[in-house]
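The values are calculated or read from the model by the stated rules, or taken from the named source; none is laboratory data. Computed from a predicted model, the values in this text were never measured in an experiment. Here the Cβ positions follow ideal geometry from the backbone for every residue, glycine too, while neighbour counts run over all protein chains shown.
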């Protein structure tokens, strides 16, 4: 196992497009680390630069105690799983798994034995003579994972390896992959645009935007306390309510309603200043009756999420969302009230979280 450290890492493409802008990051030994962000944010470029498939314009990549910035990909002692798995169509499963060992000039008998051992561990025993075209998407993914395991590399890099699977297989695969990584204890960097994957699998994660890292933290930290309005609006299956407001003593005027100043920002705000009041729909308590500190309006949308409903209130022209348990969902046109949990609401000033 080896830690991965990035020091001022920069990547500029021809034409002056800056894909990575002086990134600093430390991923400890054995950590499952996710890179998350919208398309074009730089996460795949970052992964490929760690792997050596892209050349850094500036800064350094350190794996273990070795600066590998100028080292060729094959000499970095890392293994990578690509989005399309990159299996050789003319080779059977055994030869695909053993291929990295063949490149390292490991004896045929040894690499065949290693492939058989790793394949058995991933439940591929009955498929070792098949070719990729004879396998399902989930089986191809396991072959790609087995090939990575066979290398016994210092670090694993995954570039959206679940994106080609259907919804059910993705759920099964992410559980399997997280368990496997925990058992192996290998430092792993996982790129995804799917926040549910990142939140479910990562020990820690980085949210990226336009070549910058906007926040690093555990999934719970990033979900509950987004460091800025970009992360707040990006993370979560239902985005955070981000509402313009004005501070009035120990309350905030939001959409012509008064809500209490959140606990996290108590004593840190100036009377009359303009801020953004943030609260996740999960932390908005819906009620059919008015209460102190509630946001009252008309139910304009009701969306079925399965065991819960996402209710959108039109609060004096401002949409405010709340999660409502199954069986308590209102009807369109009903008058309703969302009461933000004071211990979960947040305040943003100039786009950044206000907190002691």
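Those strands (runs of 3 or more DSSP E) of region 261-327 in which at least 1 residues are closer than 16 Å to residue 244 by Cβ, over 25 Å from the mean Cα position of the chain (by Cα) and in contact (Cβ under 8 Å) with a residue 24 or more places away in the chain, considering only elements entirely within it, cover 274-279, 295-304, 308-315, 318-325. Taken over region 210-234, the residue count meeting the criterion of being touching a strand residue (DSSP E or B) at 6+ places or on another chain (Cβ under 6 Å) and in a loop (DSSP other than H, G, I, E, B) is 3. Return yes or no: is residue 78 under 21 Å from residue 149 (Cβ atoms), modelled with pLDDT of 95 or more and surrounded by 14 or more Cβ atoms within 10 Å (Cβ to Cβ)? Answer is no for this residue. Of the set (1) closer than 22 Å to residue 10 by Cα; (2) touching a residue at least 12 places away in the same chain (Cβ under 8 Å); (3) surrounded by fewer than 18 Cβ atoms within 10 Å (Cβ to Cβ), all apply to residue 70 but (2). Could you tell me whether region 94-105 includes any residue that is free of Cβ contacts under 8 Å to residues at least 60 places away in the same chain, outside any helix (DSSP H, G or I) and in the same structural domain as residue 212 (by TED's automatic domain parsing)? Yes, some residue in region 94-105 is free of Cβ contacts under 8 Å to residues at least 60 places away in the same chain, outside any helix (DSSP H, G or I) and in the same structural domain as residue 212 (by TED's automatic domain parsing).
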